[in-house]
Structures are given as structure tokens and as C-alpha cells.
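First the structure, in the form of C-alpha cells, and then the observations on it.
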Amino acid sequence: MIETFAALGGGFAVALQPTNIFLALIGCIIGTAIGVLPGIGPLNAIALLLPFCLALRLPPESALILLAAVYYGSGYGGRITAILLNMPGEPSAVLTTLDGHPLAKQGRGGAALAISGIGSFIGATISVVLMTFLSVPLARVAVAFSPADYVALIAFALSLLGAVGGGSAPKAWAAGCLGILLAMIGIDSGTGVERFTAGSMELLGGLDFTVLAIGLFAIGEILLLIETRIRAEAAKLGQGQRLTLAEIIFCVPAMMRATGIGFVIGVLPGAGASVASALSYTAEKRLNEANGKFGQGDMRGVAAPETADNAAQIGNLVPMLSLGIPGSGTTAVLLGALLMYNITPGPLLFEQRPDVAWGLIASMYIGNCMLLLLNLPLVGIFARLLTVPAWVLYPGVLALSFAGVYAASNSAFDLLLAIGFGIMGWAFRKLDVPLVPIVLGFVLGRMLEDNLRRAMSLSDGDVMALLGSPVSIILWLMTLGALLWPLVGARLSRRA
């Protein structure tokens, strides 16, 4: 414990250098801007910044502080369009739209942005504390997770889709199955066989998340507004009640639970923030069904996924630093940045290059405080976005949507796909079919297929290998319970 505090003190000596403080601030600003813009994402931003780090001859600790600030800063920015415009730019921001956008329509968009910023700060800060003391042992436990365990974990996450639909559980599960089918479009990575491409060359690479999310949410929302002629339903936003201290205290238990879920899921390589936000949201909804308004504008429905998202982002760095195993695509790019500087991540990193490892960890304490101080004062400015006249706002949103789609793929065909998904999103809204399970099914479906393929390859096709560990058995039992709970709950309510 004393050695850890001494090492952390050395890390703060590195992080508090004027150059590194300035780079952390620049990274936080860039990350927030990247989170707002759909289609770019922290992965592309970090990849673009790598050559600049080398050109400026930044030392490795300074370069990593800058790139990491962009990484976790994007988690703050992603909530702005998700809450105000119902336009998630990342998979992990999808759950935020469920309660964040209804709050914006009720004139409480500023309060929703504030609670999401506070939740992000709490989740990230506690996760950095946990990473400081538990990095190496937690990373070793995470590596012990087999592909079969991941299959069970993802199946459990998929079984919870019925709870995020906001209405009919069968409709939510059907929407989730549609998302899984959409994830299968393209060339099968294992066999090279084309699937559901209809002979189209453009679909061989599969669908991009940005195309699906922007089409279903942003374009679909605009089509619905045009049809119903709703003019800036949230124009009263600036008159809404501000976030109160009582509401913050009310959300603290949800934030604590979400931090634990997010950090643990983030430490597991490949699980990602989307799984963490889904599990945290459904956990809060199940725990507070009797005294909540989830799906209609519950503050806990914003605080939980946002807290879990940022906790998972910090957790993703644990296996990268401790074992050299990237937990996500973005941390894989950060791993590449270390290798470009001839630094090998792993357990010896903390001994051989403490300035890099502990300097990065210390910079996260500083960076999270910077993000909170940057974002909270700007909540009012962001919230007034929806006071812009509808004839200006929605064409601007549409232009931003098309720009995000084109930036993600440079394909005019994807623009047509986004319009098609927008029409589908509009039709599903008319039919009361939830859209969030489609996106979650799409994201989790790809992860499920990849891990299932690995599990079957390792076991020579033995299906019983999926029940080969106590962890997987427990997760499968939890999955079964989640699937049967709506039926059991309905029967118990009828008896009551």
C-alpha cells in the first residue's frame, strides 16, 4: 500500500508538469468535441493524433496523457446529442436516450446533462482509484475468462433486452433478434461466405454502427416530427427546473452500482462499455420498477448508463497496461502508441517505466476534474440548443447526421442505407416497436458470434464446452431467470 502511494506520488510529479497539464486539457476538449460529432469516435481521433505526437517529438508519457484524455473525454461529449437530439454517436450512448431525451422534452435537458456529467465524473474517478490499487490482480482474473464465459455473459446481456424496451417484452426481444440478424450481414469471417448481401458489393463489409444508429434515431426522429408537425417540443428547455442537490443524492446509489458494474465489465477484454451500460440500466430498472419512471424521464436512467460507460472506459485500460491486452478497439490503438515508443505494456511496465504507467494514472485524476469543470458550466449553453427554431435545428441535425455517416465510411451508399433505416425507425415508432434493442442486438450480436466461434474452435465443436466453468453456468442460470421473469411476474401479478 505504501509503495503504491509512493508510486502514485511520482505519477503526480509527472502529470503536474505544465506541459502535461496543458496536453490533458487539450485532450479533454478534443475528446468532448469528438463525442458530440457522430461517426468519428475516439478511435479515429486517436489514430489521427498519433502522427502529430511523433512530429512534435512528445515524450511517451506526454503522448499517452494526451491520447488517453481524448479517449475518456469522448465519453462526456457523447451524452450531449444523445440527450438533446436523441442521436447516440456511440453504442454505449444508446441507453442514455431512453430517459435523457424524454427529460429534454419535459424541459429538463439541462438537468439531464448535469446528472450525466456528475455520474461520468463519479464513475471515472472511482474507477481510477480501483485501477490504482487493483490493476494487476484484476487483469489476471479477466484473462482467465474463456470465450465460453464471454458467450454466457453476452447471452445474459441479450436476455435483458426485454427490460429496455419500455413496453412489450416480446416486441423488445423481436427487435433484438432483428438487430442480431442485421449484425450478420456481410462476409462470414470464419468461412468467407456472403450472408444477406443480396449480391451487393457495398454490403460485403457489413453494416456500420453509425449508419444504423443515426438512421434509426436521428433521421427517424426528424421524420416523426415532420409528420406530426411538432415544432421544437423542447423549446421550453431554458425554463426547466435545474438539477437539485436532492436529485443528486437520490441518484448516488444508482451511480455506485453502475460504477461497480462498469468497471468490472470494462476490465474484461472485449466486453466493452455498451455491455456495461446495458447491464447497469436494466439493473436499475429491475431494482426500482415500483418507484421509477424509467423510459419516461427518470434521472437514474441517465445516471446509471453514463456512470457505467465512463467506468468501463477506465476499466478497459487495466488489461492494456497490466498485461498488454487491449480491452477495446480504442485501447488497441493506445497499445500501438506505446509500441511506437518502444514501450512494452505488461506487469513490468510499472517497474521499468513508472513515469509512463503512473503518470497516466495520475493524469486521469486531473483529467476527470478538468472535464467536470469544463462541462458543468456549459450545461446551460448546450441545453439552449433546443431553443433554436425547428426550421433551423432539424435541417442542421439532418446535415450533421449525413456528415457523420459519410465521415465514418466515405460511402454514398451508406447515406441511402441511413435514409432507409430512418424510414424503418419512423415506422417502428408508429408500431410501438422499441429501437434500442435493435441497436443493442446489433452490437452484442457481433460479439456473441465471434466468441461463440472461438469457443467452438477450442472445443472441437463440443457444445457442452459452453457450460465448462462455474462462471458460465452461473451466467446461463441468470440468463434463464431473466427470460422467465416476465412470465413469472405476470402470473404473480394476476394472482395478486
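The values are calculated or read from the model by the stated rules, or taken from the named source; none is laboratory data. What you see is a predicted model; the values in this text were computed from it and never measured. In this analysis, Cβ positions are derived from the backbone assuming ideal geometry, glycine residues included, and neighbour counts consider all displayed protein chains. Note: areas computed on protein heavy atoms with side chains; ligands, DNA, RNA excluded. Shrake-Rupley method; radii C 1.70, N 1.55, O 1.52, S 1.80 Å.
For residues in region 329-352 being within 18 Å of Val141 (Cβ to Cβ) and touching a Ser or Thr at 6+ places or on another chain (Cβ under 9 Å), which is modelled with the lowest pLDDT?
Checking each candidate, the answer is Pro347.
List the residue pairs whose Cβ atoms are under 8 Å apart, where the first residue sits in region 176-195 and is closer than 17 Å to Ala155 by Cβ, the second is open to solvent by 60 Å² or more (accessible area, probe 1.4 Å) and in a loop (DSSP other than H, G, I, E, B), and the two are 6 or more positions apart or on different chains.
Note: pairs meeting the criteria are Leu181/Phe196; Met184/Phe196.
Kindly list the number of the only condition in (1) open to solvent by 70 Å² or more (accessible area, probe 1.4 Å); (2) part of a loop (DSSP other than H, G, I, E, B); (3) at pLDDT 75 or above that fails for Gly192.
The failed condition is (1).
Return the total of residues in region 428-470 being open to solvent by 60 Å² or more (accessible area, probe 1.4 Å) and over 27 Å from Pro88 (Cα atoms).
Summing the residues that are open to solvent by 60 Å² or more (accessible area, probe 1.4 Å) and over 27 Å from Pro88 (Cα atoms) in region 428-470 gives 12.
Rundown of residues vs (1) open to solvent by 20 Å² or more (accessible area, probe 1.4 Å); (2) under 30 Å from Leu279 (Cα atoms); (3) touching a helix residue (DSSP H, G or I) at 6+ places or on another chain (Cβ under 8 Å), yes/no style:
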| position | (1), (2), (3) |
| --- | --- |
| Leu16 | yes, no, yes |
| Cys28 | no, yes, yes |
| Gly31 | no, yes, yes |
| Leu48 | yes, no, no |
| Glu61 | yes, no, yes |
| Pro91 | yes, yes, yes |
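Among (1) at pLDDT below 85; (2) in a helix (DSSP H, G or I); (3) of a type in the set (Phe, Trp, Tyr); (4) out of contact with any Pro (no Cβ under 7 Å at 6 or more places or on another chain), which single condition is Phe145 missing?
So the condition that Phe145 fails would be (2).
Residues checked against (1) touching a Ser or Thr at 6+ places or on another chain (Cβ under 9 Å); (2) of a type in the set (Val, Ile, Thr); (3) at pLDDT 80 or above:
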position: Leu323; (1), (2), (3): no, no, no
position: Gly327; (1), (2), (3): no, no, no
position: Pro354; (1), (2), (3): no, no, yes
position: Asn375; (1), (2), (3): yes, no, no
position: Ala399; (1), (2), (3): no, no, yes
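Looking at Ile83, Ile126, Ile122, Ile115, which is the one that is crowded, with 24+ Cβ neighbours inside 10 Å and over 25 Å from Val439 (Cα atoms)?
Of the residues listed, the single one that is crowded, with 24+ Cβ neighbours inside 10 Å and over 25 Å from Val439 (Cα atoms) is Ile122.
Pairs only if they're at least six apart or on different chains, beta carbon under 9 angstrom, first in region 4-27 and closer than 19 Å to Leu130 by Cβ and touching a residue at least 40 places away in the same chain (Cβ under 8 Å), second among the hydrophobic types (A, V, I, L, M, F, W, C) and open to solvent by 40 Å² or more (accessible area, probe 1.4 Å); list them, first residue then second.
Thr4/Phe133; Ala15/Ile21
If a residue has to be open to solvent by 20 Å² or more (accessible area, probe 1.4 Å) and at pLDDT 80 or above to count, how many in region 167-187 make the cut?
Matching residues across region 167-187 total 11.
Report, ordered by the first and then the second residue, all pairs with beta carbons closer than 9 Å, sequence separation of six or more or different chains, a first member in region 405-430 that is within 18 Å of Thr197 (Cα to Cα) and assigned to a helix (DSSP H, G or I), and a second member that is of a type in the set (D, E, K, R) and open to solvent by 30 Å² or more (accessible area, probe 1.4 Å).
From residues that are within 18 Å of Thr197 (Cα to Cα) and assigned to a helix (DSSP H, G or I), the pairs are Ser409/Asp208; Phe413/Glu202; Asp414/Glu202; Asp414/Asp208; Leu417/Glu202; Leu417/Asp208.
Among the listed residues Ala33, Ala6, Ala47, Ala13, which satisfies the condition of being within 18 Å of Leu360 (Cβ to Cβ), in contact with a Gly (Cβ under 9 Å, 6 or more places away or on another chain) and of a type in the set (A, V, I, L, M, F, W, C)?
Being within 18 Å of Leu360 (Cβ to Cβ), in contact with a Gly (Cβ under 9 Å, 6 or more places away or on another chain) and of a type in the set (A, V, I, L, M, F, W, C) holds for just one of Ala33, Ala6, Ala47, Ala13, which is Ala13.
If you check every pair at least six apart or on different chains, which have Cβ atoms under 9 Å apart with a residue in region 297-322 that is at positive phi first and a residue that is open to solvent by 10 Å² or more (accessible area, probe 1.4 Å) and not small (Gly, Ala, Ser) second?
Pairs that qualify, where the first residue is at positive phi and the partner is open to solvent by 10 Å² or more (accessible area, probe 1.4 Å) and not small (Gly, Ala, Ser), are Gly297/His101; Gly297/Pro102; Gly297/Lys105; Gly297/Gln106; Gly297/Arg108.
Can you name every residue in region 351-368 that is among the β-branched types (Val, Ile, Thr) and either free of Cβ contacts under 8 Å to residues at least 40 places away in the same chain or more than 13 Å from Glu61 (Cβ to Cβ) (or both)?
Within region 351-368, Ile366 is the sole residue that qualifies.
Kindly indicate which of Leu23, Leu103, Leu64, Leu84 is closer than 20 Å to Asp298 by Cα, modelled with pLDDT of 80 or more, out of contact with any His (no Cβ under 9 Å at 6 or more places or on another chain) and part of a helix (DSSP H, G or I).
Of Leu23, Leu103, Leu64, Leu84, the one residue that is closer than 20 Å to Asp298 by Cα, modelled with pLDDT of 80 or more, out of contact with any His (no Cβ under 9 Å at 6 or more places or on another chain) and part of a helix (DSSP H, G or I) is Leu103.
Against the conditions (1) among the charged types (D, E, K, R); (2) without any contact (Cβ under 8 Å) to a residue 60 or more places away in the chain; (3) surrounded by 24 or more Cβ atoms within 10 Å (Cβ to Cβ), where does Arg108 fall short? Just the number, please.
If we test Arg108 against (1) among the charged types (D, E, K, R); (2) without any contact (Cβ under 8 Å) to a residue 60 or more places away in the chain; (3) surrounded by 24 or more Cβ atoms within 10 Å (Cβ to Cβ), just (2) comes out false.
Looking only at region 49-64, how many residues end up being free of Cβ contacts under 8 Å to residues at least 60 places away in the same chain and not aliphatic (A, V, I, L, M)?
Residues in region 49-64 being free of Cβ contacts under 8 Å to residues at least 60 places away in the same chain and not aliphatic (A, V, I, L, M): 5 in total.
Can you tell me how many residues in region 336-364 are of a type in the set (Phe, Trp, Tyr) and within 16 Å of Phe5 (Cβ to Cβ)?
2
Only one of these is hydroxyl-bearing (Ser, Thr, Tyr) and at pLDDT below 80: Thr228, Thr259, Thr244, Thr282. Name it.
Thr228
Quick one: is Phe413 modelled with pLDDT of 85 or more and open to solvent by 20 Å² or more (accessible area, probe 1.4 Å)?
Considered against the rule, which asks whether it is modelled with pLDDT of 85 or more and open to solvent by 20 Å² or more (accessible area, probe 1.4 Å), Phe413 comes out as yes.
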